[in-house]
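The values are calculated or read from the model by the stated rules, or taken from the named source; none is laboratory data. Values in this document were obtained by computation on a predicted structure and should not be read as measured data. Here the Cβ is made from the backbone with ideal geometry for all residues, glycine too, and neighbour counts use every protein chain on show. Quick note on the areas: whole protein, heavy atoms, side chains included, nothing else; ligands and nucleic acids left out. Shrake-Rupley method; radii C 1.70, N 1.55, O 1.52, S 1.80 Å.
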Amino acid sequence: MVRGVKNITANINAANWSNAIELFNGTILESLITERYKYDIGIYSYISSLNARCYIPNIAQSQIPTIYPEDSYYQRWEKKQEVLQGAVDLQIFYGNMATENGLNLGIVKLPYYGGIHTENLLIELITNQNEGLAIDSNSIVKARCLTQLHNNDSINILGMAEYQLDTVPQTPTLTQPENFGVTIGNTPTLVRPSNINRYRLHLQNVGSVGVWFCHGDISNCVPYQCLYLPPNAGWDDELKSTASIYAITEDSVTNIVGLEQIINW
């Protein structure tokens, strides 16, 4: 299980007011797990706080509504509607990577009270301060102004998203061993390509001359500068290397045979 938090930060101003600004991207959570293919993953995430710090001096100033802690959501909403003067509309919506639009979660009105003020967006969107906004692993939460902003206008969105990834290991299976044979001369020759799922590799020199072999880059395959396999000798890859393997002789020709086995997840 992996648990964590991600901070939400975004700024909307005169230059980008009409753009869809990404707040939280649920699609990136699976990438937090290394070797993703080895697990079945369940993802749980939600935005637990989301606030807009506003300074919008280019709209008409509104009176500050008289709101009390005991007021219900509808009472707060009614009092705000009575005093709003041309407030800026901020839309919050689900989107995805392919489109700028998505499911509308709500539109929050942001007034100007003569200075900087903060709006709790979650209260406005879901009516309950104690709830979070649940996000699935395929969705992206975005924000966009529906009202044009001008110079010196600024809406800073700050918040926090919490997530939990539950991992269940998959049961791997082994393929049948694959046999192979390669003729090796005095130029570097590919014996086996790289394979991230390699489980076992065995090499055997069945020729009459020795052979040098290396893991990784072909430039490392140089006689007397890499691993040596004498005639009629075998080698098992106890390192479980997944890199390419190249081989070379000094001046003659020999044959390498072997087997490779792969693990599937």
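Report yes if residue 43 is assigned to a strand (DSSP E or B) and among the β-branched types (Val, Ile, Thr), otherwise no.
yes
Could you please find all residues in the stretch 169-207 being modelled with pLDDT under 95, β-branched (Val, Ile, Thr) and surrounded by 11 or more Cβ atoms within 10 Å (Cβ to Cβ)?
If the condition is that a residue be modelled with pLDDT under 95, β-branched (Val, Ile, Thr) and surrounded by 11 or more Cβ atoms within 10 Å (Cβ to Cβ), then 175 is the only one that fits.
So which residues in the stretch 212-265 are open to solvent by 50 Å² or more (accessible area, probe 1.4 Å), in contact (Cβ under 8 Å) with a residue 40 or more places away in the chain and β-branched (Val, Ile, Thr), if there are any at all?
Of everything in the stretch 212-265, those that are open to solvent by 50 Å² or more (accessible area, probe 1.4 Å), in contact (Cβ under 8 Å) with a residue 40 or more places away in the chain and β-branched (Val, Ile, Thr) turn out to be 242, 253, 257.
Return the pairs, sorted by first residue and then second, in which the second residue is surrounded by 13 or more Cβ atoms within 10 Å (Cβ to Cβ) and of a type in the set (D, E, K, R), the first residue lies in the stretch 8-24 and is under 15 Å from residue 146 (Cα atoms), the beta carbons are less than 7 Å apart, and the residues are 6+ apart or on different chains.
Partner pairs satisfying both residue conditions: 13/153; 14/153; 18/144; 19/144; 20/142; 20/144; 21/142; 21/144.
For the stretch 50-79, which residues satisfy the criterion of being polar (S, T, N, Q) and not in a loop (DSSP other than H, G, I, E, B)?
Once the filter is applied, which keeps residues that are polar (S, T, N, Q) and not in a loop (DSSP other than H, G, I, E, B), the stretch 50-79 yields 51, 61, 75.
Could you please give the count of residues in the stretch 64-84 that are open to solvent by 80 Å² or more (accessible area, probe 1.4 Å), modelled with pLDDT of 80 or more and within 13 Å of residue 109 (Cα to Cα)?
Looking only at that region, the number is 2.
Considering the stretch 1-23 alone, what residues qualify as being more than 24 Å from residue 56 (Cα to Cα) and surrounded by 14 or more Cβ atoms within 10 Å (Cβ to Cβ)?
6 - this is the single residue of the stretch 1-23 that is more than 24 Å from residue 56 (Cα to Cα) and surrounded by 14 or more Cβ atoms within 10 Å (Cβ to Cβ).
What's the number of the only condition in (1) over 30 Å from residue 263 (Cα atoms); (2) open to solvent by 30 Å² or more (accessible area, probe 1.4 Å); (3) polar (S, T, N, Q); (4) within 24 Å of the chain's Cα centre (by Cα) that residue 61 fails to meet?
(4)
Read through the list (1) touching a Ser or Thr at 6+ places or on another chain (Cβ under 8 Å); (2) in a strand (DSSP E or B); (3) open to solvent by less than 60 Å² (accessible area, probe 1.4 Å), then give the number of the only condition that residue 29 fails.
Going through the list (1) touching a Ser or Thr at 6+ places or on another chain (Cβ under 8 Å); (2) in a strand (DSSP E or B); (3) open to solvent by less than 60 Å² (accessible area, probe 1.4 Å), residue 29 breaks only (2).
Check every one of the strands (runs of 3 or more DSSP E) wholly within the stretch 151-252 and list those with 2 or more residues that are among the charged types (D, E, K, R).
154-169, 198-205
Please identify the pairs in which a residue from the stretch 106-126 that is open to solvent by 40 Å² or more (accessible area, probe 1.4 Å) has its Cβ atom under 8 Å from the Cβ atom of a residue that is part of a strand (DSSP E or B) and among the acidic types (Asp, Glu), counting only partners at least 6 apart or on another chain.
Between residues of the stretch 106-126 that are open to solvent by 40 Å² or more (accessible area, probe 1.4 Å) and residues that are part of a strand (DSSP E or B) and among the acidic types (Asp, Glu), the close pairs are 107/89; 109/89.
Spot the failing condition for residue 87; the list is (1) open to solvent by less than 30 Å² (accessible area, probe 1.4 Å); (2) under 25 Å from residue 3 (Cα atoms); (3) among the small types (Gly, Ala, Ser), and only one is missed.
Every listed condition holds for residue 87 apart from (2).
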